[in-house]
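The values are calculated or read from the model by the stated rules, or taken from the named source; none is laboratory data. The structure displayed is predicted, hence computed values, not measured ones. Note that each Cβ is placed from the backbone with ideal geometry, even for glycine, and that neighbours are counted across all protein chains shown. Surface accessibility is based on the protein's heavy atoms, side chains included, excluding ligands, DNA and RNA. Shrake-Rupley method; radii C 1.70, N 1.55, O 1.52, S 1.80 Å.
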Amino acid sequence: MTEHPTSHEGRQPLAARPQERARPRQEEAPQGAAATAAIPGPSPAPHPAKGPGPNAVPNPAPGAEGAAPVADTQTLSRREGDRLRFVGAATRRIARGIDLDEIVLGLCRASVPTFSDAILVYLRDPLPVGDERPVNPFVLRLRRTDRLRLADEESETGPEGERLRLPVTDPQAGLLPAADLCEIRAGGALAEVLRGVRPVFGDSAAARVALPELLGAGRTVPTGHRAILAPLRGRRRVIGAAVFLRGTDRPPFEANDLLVAAQLATHTALGIDKAVLYGREAYIADELQRTMLPDSLPQPTGVRLASRYLPAAETARVGGDWYDAIPLPGSRVALVVGDVMGHSMTSAAIMGQLRTTAQTLAGLDLPPQEVLHHLDEQAQRLGSDRMATCLYAVYDPVAHRITIANAGHPPPVLLHLGGRAEVLRVPPGAPIGVGGVDFEAVELDAPAGATLLLYTDGLVESRMRDVWTGIEILRERLAATAQLTGPDHSPPLEALCDDVLDMLGPGDRDDDIALLAARFDGIAPSDVAYWFLEPEDAAPGRARRLARRALSRWGLDDLSDEVELLVSEVVTNAVRYAERPVTLRLLRTDILRCEVGDDSPQLPRQRRARETDEGGRGLFLVNRLARRWGATRLSTGKVVWFEMATP
C-alpha cells in the first residue's frame with residue numbers, strides 16, 4: 001500500500017481549504033489563481049443534523065443582501081470548474097497506463113489525497129478477456145490500496161501490512177486489515193450494487209450491507225457520506241469495484257462527487273479492459289515469436305554456434321527477423337539469417353513460412369543460390385508485398401570452405417584468429433519477393449579459429465547512423481574485443497555476442513535484431529578417410545578392409561568388428577542400386593561418423609524381415625548397433641550415415 005504522509009493536526013484537510021487546495025497533478029494543473037484548487041468540499045449549506053459545515057458561508061450582514069448571492073454563485077462556479085479540471089487530469093493520468101498495474105496505480109495516485117483519503121481497488125479474479133465467459137464463482141481480489149498516513153502514526157513494518165489497511169474513519173477504531181478476497185453471492189447486496197453500475201454512498205441502504213460483504217466482517221465502515229462504492233464496468237461486464245474513503249476530519253462527499261467517482265471508475269474499467277486485451281495479444285505475440293525461432297541450436301561437427309534475438313521494444317515484441325542453423329550431409333551446416341519487412345504478427349507469420357521453406361530446401365542439399373531462388377518464388381506466392389532479405393551460407397568443416405549467397409542482406413563479418421575483422425565481399429543481390437532476379441554465390445576460405453557473424457540490419461542501422469557506418473562500427477568492435485584475448489585465442493563465443501549487443505546505444509533500437517555467430521573449428525585432414533568404390537560385388541569386402549585400416553591408424557581397434565559389419569551392410573545396399581561409383585567416408589571427432597553415398601535417390605526404409613526372407617536385416621542391425629543413423633536425399637542421389645561412440 002502506498003501512503004502519503006501528511007498531518008491532520010494544525011492543518012485543514014485538502015478539501016476544506018478553498019484557498020490552499022492541492023493540485024491533482026503538478027504538470028497538468030492550469031495556471032493562474034484557479035490552478036491551486038482541487039476537489040471542493042461540501043456546499044456551504046449547513047448539514048441538517050450537524051449544523052453549519054466547515055465551509056459554511058456566514059449569514060449576510062444587514063445591507064449586504066445583494067452581495068451574498070453573487071459570492072455564492074462565484075464560489076459554486078469555481079468549485080465546478082475545479083471539479084472538471086480534476087476529472088480531466090485524473091482521466092488523462094489513468095489513460096496513460098498501458099498495463100494493468102499502471103492503470104490501477106494511476107487511479108490510486110489521482111484519487112489520494114486530492115479526492116479521498118484512501119482507496120481500495122478490487123478486481124475480478126481471474127479477469128475475463130474479450131468475449132470469454134467469466135468463470136464461476138464471481139470472486140473479487142484486492143488489487144491495490146492507497147491512503148494518507150497521519151504524521152503521528154507509527155510507521156508500519158512490512159509492505160503487506162501497509163497495503164491492506166483501512167484509514168482511521170472512526171476515532172474509536174484502530175487500523176483494521178481489509179479482506180483480500182471476496183466471493184460475490186448471487187442475489188446478494190453487493191451483487192445488486194455491482195449490477196447497478198452507478199456509484200453509491202456508503203450510507204445508502206444497499207451499500208450498508210454491500211460494504212461489509214466486500215471489506216469483510218468486522219471491518220469499520222464509515223458513516224455518513226464518507227464512503228463511495230463505485231462498480232468498475234468494462235465494455236461487456238463488471239470487472240471490479242473501487243471504494244473511496246474520507247476520514248472524520250475532512251468534509252464528507254457531495255452528490256456531485258458521485259459523478260466524479262463514476263468518471264474515474266468508467267475510465268479505469270475501460271483501461272483495464274484495454275490492458276487485459278493487450279496482455280493477451282502480447283502473450284500470443286511472444287508465443288508466436290518463440291515458436292518461430294529455434295528453441296536451441298544444433299551442435300554439428302567442426303563448428304560452434306551462438307545466437308541472440310532482441311525485439312524492437314517491449315511494446316513490439318514480435319517481428320520478422322529470424323536465424324537458423326541446419327545440419328547437412330557430409331558434416332556440413334547451413335547458416336541462415338533473414339529479415340521480413342514489418343514488426344507485426346503478419347510479419348512473424350511470413351517469417352515462419354519462409355523459415356520452414358528454407359529448412360525444406362536445405363534438406364534437399366540445394367546450392368545456396370538455388371535456395372534463395374526458391375525462397376523468392378515462395379515469397380511471391382504469399383503476396384505481392386511480401387519482401388524479405390536473407391543470407392544463406394553453407395560451411396564445410398572438412399574442406400574449410402564456406403559458400404555464401406545473399407538476397408539484399410547486410411554482409412557478414414569474419415573475425416580471424418589473429419584479431420583482424422573483415423567485412424566479406426559477397427554479391428548483394430535483390431531482396432526476396434522482388435522476382436525475376438538471379439542470385440549469385442561466392443566460395444571463400446573459412447580458416448580454423450575464425451568466427452563468422454551473421455546479423456540483421458537492426459544491429460547496424462538506426463536513426464542515428466546509416467547501415468555502412470554501423471557495419472564499420474561493428475567491425476571495429478569485433479577487432480577490439482579480439483585484441484583482449486590475444487592473437488592465439490579466439491574470444492568466447494557467448495561473451496562475444498553479448499559484447500556486440502553492448503555497442504547499441506539508448507537511441508539505437510529502432511528494429512528487432514537477430515544475431516548468429518559461428519566459430520569454425522573444422523576437421524583436420526588426418527581425421528578424414530575418403531574412398532571411391534566401384535558398384536560391384538567385391539565393394540563390401542574392400543570397404544571392410546579400408547575401414548579396418550583407418551580405425552587401426554586412429555587407435556580405434558575396439559570398434560573394428562561393429563564398424564566393419566555396419567559398413568558392409570550399408571555399402572551392400574548402395575551397390576545394389578548404384579550405377580556410378582559409391583563414396584565411403586569416415587570422420588573422427590568426438591564420435592566416429594561413417595557416410596556412404598550413391599546416385600540412387602530412393603531412401604532406405606527399415607522394415608521387419610520375415611523368418612523366410614534372405615535379406616532385409618541390414619538396417620535393423622544399423623539401428624541396433626549405431627548411436628544414430630539416418631539418410632538424406634541429395635540433388636545427385638543420397639547419403640546414408642551412422643555414428644558410433646568412441647571409447
Original post:
Sorted by average packing, counted as other Cβ atoms within 10 angstrom per residue and highest first, what order do 431-442, 591-602, 406-417 take?
Top reply: 406-417, 591-602, 431-442
**OP:** Provide the solvent-accessible area of HIS343, counting protein heavy atoms only and rolling a 1.4 Å probe, rounded to the nearest 10 Å².
**Re:** 80
Subject >> Proportion of all alpha-carbon pairs of the stretch 521-578 beyond 18 Å (%) >> reply: 37
Original post:
How much space per residue, in cubic angstrom, does the convex hull of the C-alpha atoms of the stretch 228-338 take up?
Top reply: 157
Original post:
Residue by residue, what Karplus-based ³J(HN,Hα) values in Hz, rounded to whole numbers, does the stretch 624-632 have, using 6.51, -1.76 and 1.60 with θ = phi - 60° and x for Gly and Pro?
Top reply: 7, 9, 7, 5, 8, 8, x, 9, 10
Subject >> Percent carbon-and-sulfur accessible area, the stretch 195-314, ignoring ligands, DNA and RNA, probe 1.4 Å >> reply: 55
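Could you state, as a whole-number percent, how many of the C-alpha pairs of the stretch 350-403 are farther apart than 14 Å?
Tail of the P(r) past 14 Å holds 54 percent of the pairs.
By accessible area of protein heavy atoms, probe 1.4 Å, what ranking do TRP554, TRP531, TRP629 get, highest first?
On the way: TRP554 25, TRP531 45, TRP629 70 Å².
So, going from the largest accessible area down, we get TRP629, TRP531, TRP554.
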Subject >> Whether the stretch 435-495 is rounded, prolate or oblate, judged on the alpha carbon gyration tensor where a/c under 1.5 counts as rounded >> reply: oblate
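Provide the packing ranking of 278-288, 239-249, i.e. peptides ordered by the mean count of other C-beta atoms within 10 Å per residue, highest first.
Result, highest mean first: 239-249, 278-288.
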Subject >> Alpha carbon centroid spacing (whole Å) that separates the stretch 339-376 from the stretch 529-596 >> reply: 36
Subject >> Net charge contributed by nearby residues that have their C-beta within less than 12 Å of ALA206 (K/R +1, D/E -1) >> reply: 0
Subject >> Ranked order, PHE253, PHE138 - accessible area, probe 1.4 Å, largest first >> reply: PHE138, PHE253
Subject >> Computed log₁₀ I(q)/I(0) - Debye formula, equal Cα scatterers, no solvent, the stretch 214-293, q 0.22 Å⁻¹ >> reply: -1.02
**OP:** Whenever you get a sec, compute what percent of the accessible area on the stretch 360-471 sits on carbon and sulfur atoms (1.4 Å probe).
**Re:** 52
**OP:** Return the long-range amide H neighbours of ARG144 (sequence gap of 5 or more, or a different chain), with a cut-off of under 5 Å between placed amide H atoms.
**Re:** VAL121
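Taking the inverse of the average 1/r across all pairs of different Cα atoms in the stretch 309-464, what Kirkwood radius in Å do you get?
Over the stretch 309-464, the inverse of the mean reciprocal pair distance is 16.0 Å.
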Original post:
Sorted by average packing, counted as other Cβ atoms within 10 angstrom per residue and highest first, what order do 538-549, 452-463, 329-340 take?
Top reply: 329-340, 452-463, 538-549
Subject >> Net charge of neighbours whose Cβ lies under 15 Å from the Cβ of ASP438, counting Lys and Arg as +1 and Asp and Glu as -1 >> reply: -4
Subject >> Sequence of SER635, SER344 from largest to smallest accessible area, 1.4 Å probe >> reply: SER635, SER344
Original post:
Mean projection of the alpha-carbon convex hull of the stretch 411-512 over all orientations, in nm²?
Top reply: 7.5
